[in-house]
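Report on the structure given below.
The values are calculated or read from the model by the stated rules, or taken from the named source; none is laboratory data. The shown structure was predicted, so the numbers you read here are calculated from the model rather than taken from an experiment. Virtual Cβ from ideal backbone geometry, glycine too; neighbours counted across all protein chains shown. Please note that ligands, DNA and RNA were not included when accessible areas were found on the heavy atoms of the full protein model with its side chains. Shrake-Rupley method; radii C 1.70, N 1.55, O 1.52, S 1.80 Å.
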Amino acid sequence: MLKDLDNNFSVLEKRILNVTKNYQNLTEAFVELSQEHAELKKKYEEEKKNNQVLAEEHKNIKLYSAISGNPDHNRLMKNHINKLIKEVDHCIAELQNSGL
């Protein structure tokens, strides 16, 4: 009976050691994955900013092309001019309302 208890305790001790080892491995993996997640998140934000810059550059290139007379972008140029006119009209209206 004492032998059986001793055997059960050794089996239990081995299981506890295995669980502890697995827990440590999982904790290390979690830390590594957290660091990788932070790096990927930072890289994503950088790429997102880069994408915004490229989109703005693309918009400017299309606008420059329209200004230079490219017939494919005439509508873009007209829309841009209309937008600028509306902004100027809005500014004039604000100046008139402020009494200047």
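Ranking Met77, Leu2, His58 by how far each Cα lies toward the positive end of the dipole of segment 1-93 (charges on Cβ) leaves Met77 at the top. Of the residues Tyr44, Ile92, Asn18, the one whose Cα sits farthest towards the positive end of the charge dipole of segment 7-92 is Ile92 (charges of +1 on Lys and Arg Cβ, -1 on Asp and Glu Cβ, taken about the Cα centre). Restricting attention to the chain, lysine pairs at least eight places apart or on different chains and with alpha-carbon atoms under 15 angstrom apart total 5. Tell me, how many Å apart are the Cα centres for segment 48-100 and for segment 17-39? Result: 52 Å between the Cα centres.
Converting the Cα gyration tensor eigenvalues of the chain into ellipsoid dimensions via √(5λ) gives semi-axes, longest first, of 72, 20, 9 Å. If only the Cβ of Lys and Arg carry +1 and only the Cβ of Asp and Glu carry -1, the dipole of the chain around its Cα centre is close to 320 debye. Keeping the other protein chains in place, figure out the carbon and sulfur percent of the accessible area of the chain, with a 1.4 Å probe. Using a 1.4 Å probe with all protein chains present, the chain comes out at 58 percent carbon and sulfur.
Per-residue SASA remark: Ser68, around 100 Å² accessible (1.4 Å probe; ligands, DNA and RNA not included).
Secondary-structure-derived ellipticity at 222 nm for the chain, considering helices only, amounts to -34000 deg cm²/dmol, per-run term -39500 (n - 2.57) for DSSP H runs with n ≥ 4. Calculated accessible area for the chain comes out at 96 Å² per residue, all protein chains present (probe 1.4 Å; ligands, DNA, RNA ignored).
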